[in-house]
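Worksheet: the structure to be examined is printed underneath.
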Amino acid sequence: MSFVNKLLASVGIGSATVDTKIFRSQLVPGENVDGIVQIRGGNVEQNIDGIYLSLFTTYELKKDDHRVTAQTEIGRYQLTQPLVIRPNEVKEVPFSFQLPLDTPITIGKTKVWVRTGLDIKNAVDPADRDYISIVPTPLVGAFFDSLSKLGFRLRNADCEQAKGIFRKRLPFIQEFEFVPVSGAFRGKLDELEVVFFPNPDGVEVLMEVDRKARGFASLLAEALEMDESLVRFFVSERDIPHLTEIIRSVIARYS
């Protein structure tokens, strides 16, 4: 019977199970994710090489001329050294890890989740998935507020495959697309595309200003995609009181 139980446990039947409880489901990049992992023993004693947490998200990429959604690991965190879980035993392991600053905001189709796994040799890895909501940092939130004050509305937000100079630690960038619906830039711009590259001191902003075609020369430039200007600038929390004017000045320079 013991042999049968071990055989079944190796394919996930009657083996240890894992359940993760995250104390706060809404977080800001850079904050700590705190919680408890509960492991419940199965029908047989099992050796667990370790308990790990992985942070995942999704992004879009082109594959064979089609857009597909891929998963990628943002971070991985080992919680314990090897341990033994006996039949029906319950163990609780508290954890705390810091969300990477480049964790994407969960907006549109973007999702972020924590996957908890037990590393068990010669057996199916039992896992648990817990979704979390990622909201903007105060600086990025202030940036969004400033664009709203300038008459822009968020039209789309996507995580897309990053290439070349845009490739950083992660294989994607999160792009925010804004359109002018009122204010001084309505009629002058088609859209703004904004990407944030955060670091401990602030945020590097990559902004593409797409000017609206006016006249034959502008239409020709638009056809050749010469009506877009790519600009980089850096802002920090010290800039928040003046952020609207900073952004206005940058956009006006290229509109």
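The values are calculated or read from the model by the stated rules, or taken from the named source; none is laboratory data. Source: prediction; values computed, not measured. Please note: Cβ atoms are built from the backbone with ideal geometry, for glycine as well, and neighbour counts cover all protein chains shown. What goes into the accessible areas is simple: the full protein's heavy atoms, side chains included, and nothing from ligands, DNA or RNA. Shrake-Rupley method; radii C 1.70, N 1.55, O 1.52, S 1.80 Å.
Applying the selection to the stretch 49-78, what residues are more than 19 Å from GLN161 (Cβ to Cβ) and acidic (Asp, Glu)? Within the stretch 49-78, ASP49 is the sole residue that qualifies.
Residues in the stretch 175-207 that are of a type outside the set (A, V, I, L, M) and part of a loop (DSSP other than H, G, I, E, B): SER182, GLY183, PHE185, GLY187, LYS188, PRO200, ASP201.
The set of residues in the stretch 166-182 that are modelled with pLDDT of 90 or more and either surrounded by 14 or more Cβ atoms within 10 Å (Cβ to Cβ) or under 19 Å from VAL231 (Cα atoms) (or both) comprises LEU170, PRO171, PHE172, ILE173, GLN174, GLU175, PHE176, GLU177, PHE178, VAL179, PRO180.
In summary, strands (runs of 3 or more DSSP E) completely within the stretch 33-139 and bearing 3 or more residues that are under 27 Å from ASN156 (Cβ atoms) and open to solvent by less than 10 Å² (accessible area, probe 1.4 Å) occur at 112-119. Looking across the stretch 185-200, just one residue is touching a residue at least 40 places away in the same chain (Cβ under 8 Å), over 20 Å from ILE134 (Cβ atoms) and open to solvent by 20 Å² or more (accessible area, probe 1.4 Å), and that is LYS188. Of the set (1) surrounded by fewer than 17 Cβ atoms within 10 Å (Cβ to Cβ); (2) at pLDDT 95 or above; (3) not basic (Lys, Arg), all apply to VAL235 but (1). Scanning the stretch 115-135 for residues being modelled with pLDDT of 80 or more and among the basic types (Lys, Arg) gives a total of 2.
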